[in-house]
Amino acid sequence: MQTHAHNDETTAAQTPEETPEATEAGRQTDSELGRHLLTARGFHWIYGTSGDPYALTLRAESDDPALLTRRIRDEAGPLWQSAAGAWVTGRHAVAAQALADPRLSLRHADLPGPQRHVFSDAWSNPQLCHIVPLDRAFLHASGADHARWERSAAPVLGAAAAEGHRKSAELVHQETADGLGESFDLMADYSRPTAVAAAAALLGVPAAQRDRFAEACLALGVALDAALCPQPLAVTRRLEEAVEDVRALVGDLVAARRGEPGDDLLSVVLRAEDSAVFAQDALAVGVLTAVVGVEFAAGLVNNTLEALLAHPLQWAMLGESPDLAAGAVEEALRYAPPVRLESRIAAEELELGGQVVPAGAQVVVHVGAANRDPEAFLAPDHYDLTRPAGQGRLSLAGPHTGLFGAFARLQAETAVRTLRERHPELTPAGGVLRRMRSPVLGGVLRFPLATSATTFVTVSATTSV
C-alpha cells in the first residue's frame with residue numbers, strides 16, 4: 001500500500017528579503033520566487049477543482065495516481081487539452097509519435113535565454129510548462145545538444161558499453177547488500193548509495209569529494225519534478241544551490257581531465273571527434289549524470305523491487321532463473337516507469353492525435369499511461385517478467401532517459417539479482433512512502449524492507465507497541 005508524505009510549505013513571508021543586488025544579478029529574491037511558486041501551485045489547485053486529471057496529477061497530493069493515469073488515457077480521447085493549458089496524451093500510438101517528433105522539444109524556440117516564466121500576467125496567460133529555470137542543470141537544452149551528448153558519451157554510457165561496467169557494479173552491489181541489517185530502507189540504504197557510487201565512478205569523482213557529490217545528488221533528486229510541479233521554497237533553494245555545487249565540482253573535474261585525461265566518462269566526452277565544444281559538453285554530461293542518472297537508476301531499482309515483491313511468484317521465478325533479472329527490469333520500465341511524464345514544446349504548428357497543436361504549446365506525454373495502453377500491450381496491468389522484450393514501452397524515449405537508459409538498466413539488473421541471491425526472503429516491512437509533489441518521478445522517500453519474514457513479524461510487533 002502506498003502512502004504519501006507532505007512537504008512543509010515555506011512562504012515568502014517567513015523568509016527575510018534578499019538584497020536588491022540579488023535581483024539585479026538575475027536571481028529572484030525569496031519573496032519573488034516564493035510568490036512565483038505559490039502562484040503556480042494555486043493554479044494547479046484551481047484547475048484541479050474541476051476534476052481535470054492532468055491538473056490533479058500536477059497537484060500531486062492525496063489523489064490516487066493509478067486512477068488519474070487511467071483517466072488521462074481513457075476519458076478524453078487520444079490527445080486533449082487540459083485546463084492547465086497542456087495538450088496531454090496517454091495513448092501509446094500518439095505518445096510514441098510525439099516523443100519521436102523533432103518539432104517537439106524541451107524548450108521554447110523563441111526564448112533563447114533561461115526557460116523562466118514569471119507570472120507577469122498570470123490570470124490571463126498562466127504558463128505552467130517551466131516552473132523553475134533549470135538551464136543551469138542542462139535539463140532544457142535543445143534536441144541537437146542532447147543528440148550530440150548521447151553520441152559523445154556512448155563509449156561509456158551506451159548499451160554496448162554496459163557489459164564492461166558489470167563486474168565493478170556487481171562488487172558495489174554485493175558489498176552494499178552484505179552490509180544490510182535485518183531491516184533496512186531500500187532507498188536510503190541501497191538504491192541511492194549504489195547509484196551515487198556508480199555515477200561517481202563514471203565521472204572519476206575523487207574519494208575526498210564523494211560525500212559532497214552524494215549530498216548534491218540528494219538535493220538534485222527533485223529536479224525533474226520541480227520543472228513541472230512547484231516545490232516548497234526551501235526545497236527549490238536547495239535545488240538551485242546543488243545545481244551550482246555540482247557544476248563547480250564537475251567543472252573542476254573537466255579542467256583536470258583536459259590536462260590529464262583518463263578513461264572516465266568526462267575524458268571520453270572531451271575526446272569526442274564530433275563535439276565542437278568539448279569542455280561544455282563534458283560539463284553538461286557530468287551534471288546530467290548527477291541530476292538525472294542517479295535518480296533514474298535509483299528509481300528503477302525501487303520500482304523493480306516493489307513490483308517483484310508485490311508478485312511473490314515472480315520473485316520466486318527470479319530465484320530459480322537469475323537470468324530473468326533483465327526481463328524483470330524491462331517489465332518494470334513498462335509497468336512502473338521511473339519517469340512518468342515527458343513535457344515538450346511545439347516549435348511550430350503541427351497535427352497530433354487528430355488535433356492541431358499551435359506553435360509554442362506544451363505537449364505532455366504520460367508515459368505511465370501509454371505503457372499500460374491495452375491497445376498496445378496484452379494484460380497491461382499485469383507485471384510479467386517473462387513478457388517478450390521490444391513490445392514498445394516508451395520509458396527510454398526521452399533525451400534524458402535515453403542518455404542514461406543503459407546505466408539505469410545495469411544498476412537495476414545488478415540490484416535485483418544481488419538482492420535475490422543475498423536475501424531470498426526479502427519482505428516489505430511497511431508501505432512505500434513517496435514524496436508529495438512528485439508527479440514526474442513518484443519519488444520514493446522510504447521503502448522499508450526486512451531480510452526475512454521472521455524479521456518482518458518482529459519489526460511489525462515492535463512498531464505497533
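A short reminder: the numbers here are calculations on the coordinates, not readings from a lab. All values reported here derive from a predicted model rather than from experimental measurement. Cβ placement follows ideal geometry from the backbone for every residue including glycine, while neighbour counts extend to all protein chains displayed.
Other residues with beta-carbon under 11 Å from the beta-carbon of Cys229 carry, at +1 per Lys or Arg and -1 per Asp or Glu, a net charge of +2. Normalised by 2.2 N^0.38 Å, where N is the number of residues, the C-alpha radius of gyration of region 174-275 stands at 1.26.
Over all Cα atoms in region 308-465, the spread is summed up by Rg and Dmax: 18.8, 62 Å. Counting Lys and Arg as +1 and Asp and Glu as -1 over every other residue whose Cβ lies under 10 Å from the Cβ of Ala84, the net charge comes to 0. If the Kirkwood radius is taken over C-alpha pairs of region 308-365, then at 37 °C and 0.692 mPa s the Stokes-Einstein diffusion coefficient equals 227 µm²/s.
Charge dipole (Cα centre; +1 on Lys/Arg Cβ, -1 on Asp/Glu Cβ; no other charges) of region 314-356 amounts to roughly 180 debye. Hydrophobic long helices, here whole DSSP H runs in the chain with Kyte-Doolittle means of at least -1.0 and Cα atoms spread over 18 Å or more along the helix axis, are found at 30-48, 143-157, 233-259, 294-310, 405-422. Return the Rg/Rh ratio of region 323-416 with Cα-based radii and a Kirkwood Rh. Value, to two decimals: 1.04. Each semi-axis of the equivalent ellipsoid for the chain is √(5λ) with λ an eigenvalue of the Cα gyration tensor; in descending order they amount to 32, 27, 24 Å. Counting charges near Asp263 (Lys, Arg +1; Asp, Glu -1) among other residues having Cβ under 14 Å from its Cβ returns a value of 0.
The Cα-based radius of gyration and maximum Cα-Cα distance (Dmax) for region 131-199 are 16.6, 48 Å. Highest-first packing order for the peptide set 336-342, 216-222, 290-296 is 290-296, 336-342, 216-222, based on the mean count of other beta carbon atoms within 10 Å. Label-point separation (nm) for Ala248 and Lys167, each offset 7 Å from Cα along Cα-to-Cβ? Result: 3.8 nm between the two label points. Under the criterion of Cα pairs below 8 Å and six or more residues apart, the relative contact order for the chain equals 24 percent.
Ellipticity at 222 nm from helices only: DSSP H runs of n ≥ 4 in the chain, each -39500 (n - 2.57), divided by the residue count, give -15000 deg cm²/dmol. Expressed in units of 2.2 N^0.38 Å, where N is the residue count, the Cα radius of gyration of region 195-354 is 1.25.
Go ahead and collect, in residue order, the members of region 284-299 whose backbone nitrogen is under 19 Å from a label point 7 Å along the Cα-Cβ direction of Ser142. Label zone hits: 284-285.
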